[in-house]
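Everything below concerns the one structure shown next.
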Amino acid sequence: MTRTRHRWHRRTPGALAALVVAPALGVAALWPLTPSATGAGQLVRAHLNGVHGAELVALPQPDRVAQALVATEDSRFSSTPGIDPVSMVRLGLATLTGGHDTGAATLEQQLAKNLYYPQSDGLFSKVAEAELSLKLDARYSKNDILRMYLADVYFGHGYYGLPAAARGYFGVTPARLSWGQASMLAGLVQAPSAYDPIDHLSTGRLRQRHVLDRLVATKVLSPAQADTAFAAPLGLR
């Protein structure tokens with residue numbers, strides 16, 4: 001037992017060094033090869049104008065979908081530099097130990113993947129997504145990143161972007177979405193088909209409840225407000 005413990009103590013510094021040094025070397029090597037943040041912003045506009053037939057719009061007030069999205073997908077969004085160090089360390093530890101923790105992707109990482117690497121999950125694309133996320137965060141405000149994300153993300157049924165989804169599902173503008181409707185839309189971005197409230201309402205409602213619980217956990221809503229939102233009619237078209 002003592003000999004095993006000593007071997008572990010000898011290996012631990014090397015493992016921790018690999019955890020820090022290997023990602024840093026990967027970032028340094030691939031940094032020049034990843035797109036610029038300005039290029040990413042231009043690509044968003046090209047996607048919207050040429051592919052989705054939409055354009056970048058200001059976040060509605062109140063921006064309920066944005067708040068629900070942050071609470072559910074990236075609760076440390078406002079304080080991270082485009083990647084979440086906690087998640088990256090967890091991912092590195094899982095890699096070293098043979099685990100399967102993929103690490104939670106920030107909204108910047110999700111945006112980078114949607115723009116440049118939608119069909120790839122390899123190591124190169126993961127590092128490249130992280131690098132582009134850092135560039136996006138350095139170049140754009142958090143508000144602009146949310147605008148780009150909500151303009152480009154797919155909500156199911158052919159609805160790209162928040163305005164199209166709000167009109168398509170509920171017949172309203174984003175600014176007029178209730179908390180119940182906003183939480184439903186925010187839940188769709190992870191898996192639009194699985195949580196589709198038209199074809200899979202019961203599953204979609206479970207996801208909506210999770211989003212509302214996250215809004216409570218992040219102090220955006222009180223438990224009573226979340227319960228009221230969940231009980232309110234959705235008004236699906």
Relative contact order for the stretch 154-237, counting Cα pairs under 8 Å that sit 6 or more residues apart, in percent: 28 percent
Once Ala191 and Arg176 are pulled to full extension, the length gained, defined as 0.36 nm per residue separation minus their Cα-Cα distance, is 3.0 nm
Given R₀ = 22 Å, FRET efficiency for Arg139-Lys219 by Cβ-Cβ distance, to 0.05? 0.15
Which ordering of Asp213, Asp63, Asp199 is given by a fewest-first count of other beta-carbon atoms within 10 Å? Asp199, Asp213, Asp63
Classified through the alpha carbon gyration tensor (a ≥ b ≥ c as square roots of its eigenvalues; rounded if a/c is under 1.5, else prolate when a/b is larger than b/c, else oblate), the stretch 158-237 comes out prolate
Ranked from highest to lowest mean number of other Cβ atoms within 10 Å per residue, what is the order of the peptides 215-227, 167-179? 167-179, 215-227
Residue-by-residue Karplus 3J(HN,Hα) for the stretch 174-187, coefficients 6.51, -1.76, 1.60, Hz, glycine and proline x: x, 5, 9, 5, 7, 5, x, 5, 4, 5, 5, 5, 4, x
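None of the figures in this text is laboratory data; all of them are computed from the coordinates on show. These figures come from a predicted structure and were not determined experimentally. Glycine gets a Cβ as well: all are built from the backbone with ideal geometry, and neighbour counts include every protein chain shown.
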